[in-house]
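The values are calculated or read from the model by the stated rules, or taken from the named source; none is laboratory data. Quick caveat: nothing in here was measured; it's all calculated off a predicted structure. A quick note on method: Cβ atoms are made from the backbone with ideal geometry, for glycine too, and the neighbour counts reach across all protein chains shown. Heads up: the accessible areas ignore ligands, DNA and RNA and are worked out on the full protein's heavy atoms, side chains in. Shrake-Rupley method; radii C 1.70, N 1.55, O 1.52, S 1.80 Å.
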Amino acid sequence: MNLRKKILIPLALVTATAAALPFAAQAMDGGPHCDGHGPRFGMRGGMDHFEGGMHMPPFIRELKLTEAQRDQIFKIMHEQAPAIRDKAKEARKAHADLRALTFSGNYDEARVKALAETEAQAMAAITQLRAAGANQIYQLLTPEQRKKADELKAQFEADGPRRAGPPPADGPAAGKRR
């Protein structure tokens, strides 16, 4: 794998991941993956997904980064990876402890609250670290690259969230059951 792919693939995933964090937090409230089976937080990679450090959006490939920009981006990502990994481990541990407490005879409301707050704070810290890193990367871009990135981001957001499965046959009403 060449250097470009090693840098741009993780770079392409960070914004998409940062955008997915609110959905991950919502999935923690309940859902198909809250029974202890399958991925945690409703994501394919579970919390391990957070351990990879920063990920940038796919459209970053279209910005034609210079070698110096790629080196700086690598440095930013490399410096933040340990902190993100530590916070992910903290969130995962709090979540596991919370699940264990929830399904035990020793339920303690105060402990549940503390664990939930610990997990939420760790997730918030991950979001803040990723946002700061993404902004540092954005600041490295030339005005032309920023303009192109803004256009691509707007297009990505206009496309809406990605969902598994085929699209409805005849618009939004077609998927509803009667």
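Summary of computed values
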{"item": "Exclusive hit being modelled with pLDDT of 90 or more, within 14 Å of the chain's Cα centre (by Cα) and not hydrophobic (A, V, I, L, M, F, W, C), set ARG92, ARG85", "result": "ARG85"}
{"item": "Subset of the stretch 148-158 (residues that are of a type outside the set (S, T, N, Q) and either modelled with pLDDT of 95 or more or farther than 22 Å from PHE74 by Cα (or both))", "result": "GLU151, ALA154, PHE156, GLU157, ALA158"}
{"item": "Residue in the stretch 74-95 that is farthest from LEU141 (Cα to Cα), counting only those that are in contact with a Lys or Arg (Cβ under 9 Å, 6 or more places away or on another chain) and free of Cβ contacts under 8 Å to residues at least 60 places away in the same chain", "result": "ARG92"}
{"item": "Yes/no for LEU101 being in contact with a Phe, Trp or Tyr (Cβ under 7 Å, 6 or more places away or on another chain) and in a helix (DSSP H, G or I)", "result": "yes"}
{"item": "Residues that are within 21 Å of ASP150 (Cα to Cα) and either open to solvent by less than 50 Å² (accessible area, probe 1.4 Å) or modelled with pLDDT of 90 or more (or both), drawn from the stretch 51-67", "result": "MET54, HIS55, MET56, PRO57, PHE59, ILE60, LEU63, LEU65, THR66"}
{"item": "Flag if HIS78 is surrounded by 15 or more Cβ atoms within 10 Å (Cβ to Cβ), in a helix (DSSP H, G or I) and at pLDDT below 95", "result": "no"}
